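The values are calculated or read from the model by the stated rules, or taken from the named source; none is laboratory data. Because the structure is a prediction, the values reported are computed rather than measured. Here the Cβ is made from the backbone with ideal geometry for all residues, glycine too, and neighbour counts use every protein chain on show. For the accessible areas, the whole protein counts, side chains as well, though only heavy atoms, and no ligand, DNA or RNA atoms are used. Shrake-Rupley method; radii C 1.70, N 1.55, O 1.52, S 1.80 Å.
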Amino acid sequence: MPVIPVSGRDHTWAAITPHTAYVFGIETGAETGAETGAETGAETGAEVSGDTRVTQWYWGPRLPADALGQVAERTTTWTVTGFLDHADATELLPVDGGRRWGVPSLQAVYEGGVRSVELGFEEAVPGGDELEVVLRDHGHGLRVGLHVRVCDDCDVIERWVVLTNESAADVQLRRLDSGSWVVPEQAGCTYLGAAGGWGSETHLQRGELPRGETTFGSRTGTTSHKANPWIMIGDATETTGELWSVALAWSGSWRLTTQRRPEGDVAVSAGFGHEGLTWPLAPGESLRTPSALGLHTGGGYGAASRAWHDYARRHVLPAADEDRPVLYNSWEATWFDVTEEGQLDLARRAAALGVELFVVDDGWFGSRTGDARGLGDWWPNPDRFPHGLGKLFDGVRDLGMRAGLWVEPEMVNPDSDLYRKNPDWVLHYPGRRRDTMRNQLVLNFARDDVRAWALGWLDRLVREYRLDYLKWDMNRSFSQAGWAERGDLLWIEHTRGVYAIMDELRARHPGLRIESCSGGGGRADFGILRRTDQVWTSDNTDARDRQPIQQGFSYLYPAVAMSCWVTDSPNPLTRREVPLRYRFHVAMAGTLGVGGDLTRWSDAELEEAGQLVAAYKAVRPVIQHGALHRLGGVPGTSASAVQYTLGDRVVVLAYQPYALDEQPLRRLRLAGLDPGAVYEDATGDRRHGATLMHHGLALPAWSQLGGDYRSEMLVLRRL
């Protein structure tokens with residue numbers, strides 16, 4: 001559905017989605033209270049014009065066409081003071097200039113140190129499913145294009161900004177967000193987001209949004225483990241209530257700032273970068289922001305998540321409809337002790353389990369026998385692989401599996417041939433330290449020569465070894481992030497350089513699939529998912545710890561994009577012992593993988609693992625592509641369950657980590673079923689959909705009888 005003019009209102013438009021409306025328009029001069037008399041410039045002879053603002057009038061459930069104009073009016077019941085302009089919280093792109101004291105989405109410094117941005121409306125340019133509102137600061141030649149786009153099959157609204165310097169002097173940008181979103185006034189103001197750290201990513205964080213400004217973000221150069229670029233605001237439960245969500249499709253440093261005013265206004269401004277950066281915009285240059293995505297939903301957090309999942313499948317993931325293969329990754333089995341015969345032995349064992357994709361992890365290249373050297377020298381280690389990787393991957397394919405390889409293109413060890421030859425390729429400032437982390441430095445992917453080098457060897461590896469899969473890792477944050485040519489634009493251009501290489505690799509090799517990894521879930525967002533197929537959710541593979549991580553991930557991103565492994569017990573990180581069945585059932589909630597040392601698994605464990613892999617494959621389309629319902633409980637702490645529904649098939653995964661710590665509900669109520677239909681389980685037992693949803697069913701895993709770490713998978717089919 002297009003962005004349409006609102007009847008009876010000049011310069012007012014509505015972005016219409018299947019279930020929502022987003023109304024915005026131009027306010028100028030007296031409408032915003034801007035003064036235009038001698039006090040503001042007549043003494044100097046300067047021309048004075050009214051202030052122009054692009055105002056968000058409405059965002060919520062869809063309205064009738066003839067009602068759209070009724071929401072485009074300024075509220076006049078607020079107390080007027082000389083210390084606050086109420087209009088500055090309702091703009092699509094509030095600037096640093098004029099009578100604005102809220103959070104600016106655009107801060108620019110013009111020639112002579114002028115910091116006040118004054119925009120005038122020029123035109124609105126329609127184009128298919130989008131609209132560009134063109135504004136100009138004529139005094140300093142800055143063109144601002146505000147873009148709004150909608151789709152006809154989902155309720156997500158996409159917005160971005162394009163700035164062009166049409167003057168003869170540089171413009172210094174201190175902040176350029178993708179836009180600000182206004183959340184309607186509510187009696188309460190609860191927010192939900194995802195926060196954590198390495199090994200504890202995407203834990204849910206909720207609370208009352210405080211008055212004032214609250215910022216979430218990353219200064220690391222990647223999305224980060226500490227926060228994820230989205231927020232949901234509204235008073236809701238899992239199944240009831242309205243929510244307004246904002247997400248940023250960006251994989252570098254970012255910030256998302258909420259402001260809650262005492263008067264009741266709430267606004268969210270989101271964009272790339274972090275405080276302290278300055279981006280130079282030379283004459284004739286343009287800069288486009290990443291997309292900020294807005295979504296209004298009813299039906300609580302569950303409905304919001306399902307709407308985001310639908311958006312990801314339809315408009316983000318490049319191969320969303322494909323079933324993701326069950327993979328084996330060798331990292332936790334061998335660490336850096338990688339040999340041709342050792343990998344082939346693991347491959348034979350993995351194939352016997354029913355694994356479909358074998359991925360060789362770190363330690364296969366250069367002098368890489370530990371993490372202190374060899375990173376950047378991307379050719380097979382001649383001692384470990386005297387014939388290259390061809391024999392290994394031919395053997396993998398002979399076993400009926402696809403071939404995958406771990407790479408870390410953005411990193412280099414100082415002890416490497418690459419660094420000795422090109423020390424200027426890393427992030428650095430002349431005359432300053434070059435601090436390592438994990439014994440490595442960050443290559444500058446904003447440089448043309450670095451990108452050409454990386455694309456060259458990646459393309460060669462994929463072509464020579466007929467690779468089906470790359471695990472693209474990134475194991476440290478930026479430091480000493482200097483770039484003599486373009487300064488702080490490095491923080492933008494590095495990320496776009498990564499995007500460009502991934503996009504080109506996929507164009508050259510249409511069958512190639514890519515997994516995003518950054519020391520676990522440090523690079524998970526809608527930007528990276530546009531050119532990758534799944535995300536390594538966390539380096540923490542402990543099944544109990546993974547449950548809250550996977551729960552938080554599920555609030556925005558679908559199961560088809562969530563990589564989940566079954567590893568050894570005791571877990572290599574936590575030393576916790578968890579039964580194999582429970583480990584599998586936790587990993588089955590997303591894209592299943594195996595990462596344990598299969599040479600140490602008993603025959604009984606291998607037999608059980610093979611049965612569980614087969615059980616997952618039988619229901620894989622339902623889990624990876626179905627509608628998710630979180631059925632309650634605190635994952636990893638109390639009894640909990642998740643449900644997936646696709647067509648006439650239903651899969652429920654239920655968990656009880658502790659036997660007696662917390663009494664679970666006696667019955668589990670399912671969701672989203674056809675109340676008039678009958679559903680049959682694997683034993684032939686039949687129940688009405690209404691019974692399953694309103695009365696529920698008793699689960700053996702939720703019984704008080706038995707030990708810790710009980711789980712089960714229930715499969716139903718609608719008759």
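Descriptive notes on the structure:
- Number of the condition not met by Arg175 [criteria: (1) open to solvent by 10 Å² or more (accessible area, probe 1.4 Å); (2) out of contact with any Pro (no Cβ under 7 Å at 6 or more places or on another chain)]: (2)
- Residues in segment 435-452 include at least one that is closer than 29 Å to Thr369 by Cα, open to solvent by 10 Å² or more (accessible area, probe 1.4 Å) and in contact with a Ser or Thr (Cβ under 8 Å, 6 or more places away or on another chain).
- Annotation: of all residues in segment 563-574 being open to solvent by 10 Å² or more (accessible area, probe 1.4 Å) and touching a residue at least 12 places away in the same chain (Cβ under 8 Å), the one that is farthest from the chain's Cα centre (by Cα) is Ser569.
- Index of the failed condition, Ser218 passing every other in (1) open to solvent by 40 Å² or more (accessible area, probe 1.4 Å); (2) touching a residue at least 40 places away in the same chain (Cβ under 8 Å); (3) under 27 Å from Gly497 (Cα atoms): (1)
- Residue count for segment 703-719, restricted to those that are outside any loop (DSSP other than H, G, I, E, B) and either surrounded by fewer than 13 Cβ atoms within 10 Å (Cβ to Cβ) or out of contact with any Phe, Trp or Tyr (no Cβ under 9 Å at 6 or more places or on another chain) (or both): 2.
- Enumeration of residues in segment 99-111 that are surrounded by fewer than 18 Cβ atoms within 10 Å (Cβ to Cβ) and closer than 23 Å to His11 by Cα: Arg99
- Thr81 satisfies every condition listed in (1) within 28 Å of Val162 (Cβ to Cβ); (2) out of contact with any Leu (no Cβ under 7 Å at 6 or more places or on another chain) except (1).
- Scope segment 506-546; condition over 25 Å from Arg463 (Cβ atoms), in a helix (DSSP H, G or I) and either touching a Lys or Arg at 6+ places or on another chain (Cβ under 7 Å) or open to solvent by 10 Å² or more (accessible area, probe 1.4 Å) (or both); matching residues: Ala543, Arg544, Asp545
- Looking only at segment 112-138, and only at residues there that are of a type in the set (D, E, K, R) and in contact (Cβ under 8 Å) with a residue 12 or more places away in the chain, the one that is least open to solvent (accessible area, probe 1.4 Å): Asp137
- Strands (runs of 3 or more DSSP E) wholly inside segment 578-691 containing at least 3 residues that are crowded, with 23+ Cβ neighbours inside 10 Å and under 25 Å from the mean Cα position of the chain (by Cα): 591-594, 640-646
- Residue count for segment 192-211 under the criterion of being open to solvent by 30 Å² or more (accessible area, probe 1.4 Å) and either in a strand (DSSP E or B) or of a type in the set (S, T, N, Q) (or both): the result is 6.
- Candidate set: segment 482-505, residues that are among the hydrophobic types (A, V, I, L, M, F, W, C) and more than 12 Å from Asn444 (Cα to Cα); chosen: the one most open to solvent (accessible area, probe 1.4 Å): Ala500
- Scope segment 199-214; condition of a type in the set (A, V, I, L, M) and touching a Lys or Arg at 6+ places or on another chain (Cβ under 9 Å); matching residues: Leu209
- The listed residue being more than 28 Å from the chain's Cα centre (by Cα), surrounded by 14 or more Cβ atoms within 10 Å (Cβ to Cβ), farther than 27 Å from Arg159 by Cα and modelled with pLDDT under 95, out of Glu35, Glu43: Glu35
- A single member of Arg324, Arg348, Arg314 is assigned to a helix (DSSP H, G or I) and in contact with a helix residue (DSSP H, G or I) (Cβ under 9 Å, 6 or more places away or on another chain), and it is Arg348.
- Residue tally, condition outside any strand (DSSP E or B) and either open to solvent by 20 Å² or more (accessible area, probe 1.4 Å) or without any contact (Cβ under 8 Å) to a residue 40 or more places away in the chain (or both), over segment 369-380: 5
- Identity of the residue in segment 233-247, aliphatic (A, V, I, L, M) and within 14 Å of the chain's Cα centre (by Cα), that ends up surrounded by the most Cβ atoms within 10 Å (Cβ to Cβ): Val246
- The lone exception for Asp85 - which of (1) closer than 21 Å to Asp10 by Cα; (2) open to solvent by less than 30 Å² (accessible area, probe 1.4 Å); (3) charged (D, E, K, R) it fails: (1)
- Segment 103-148: number of residues that are closer than 18 Å to Glu285 by Cα, more than 32 Å from the chain's Cα centre (by Cα) and basic (Lys, Arg): 1
- Residue in segment 332-354 that is buried (at least 18 other Cβ atoms within 10 Å of the Cβ), under 30 Å from Arg420 (Cα atoms) and β-branched (Val, Ile, Thr) present: yes
- Test for Asp503: is it part of a helix (DSSP H, G or I) and farther than 30 Å from Pro657 by Cβ: yes
- In segment 398-426, of all residues being farther than 26 Å from Ser251 by Cβ and without any contact (Cβ under 8 Å) to a residue 24 or more places away in the chain, the one that is least open to solvent (accessible area, probe 1.4 Å) corresponds to Pro423.
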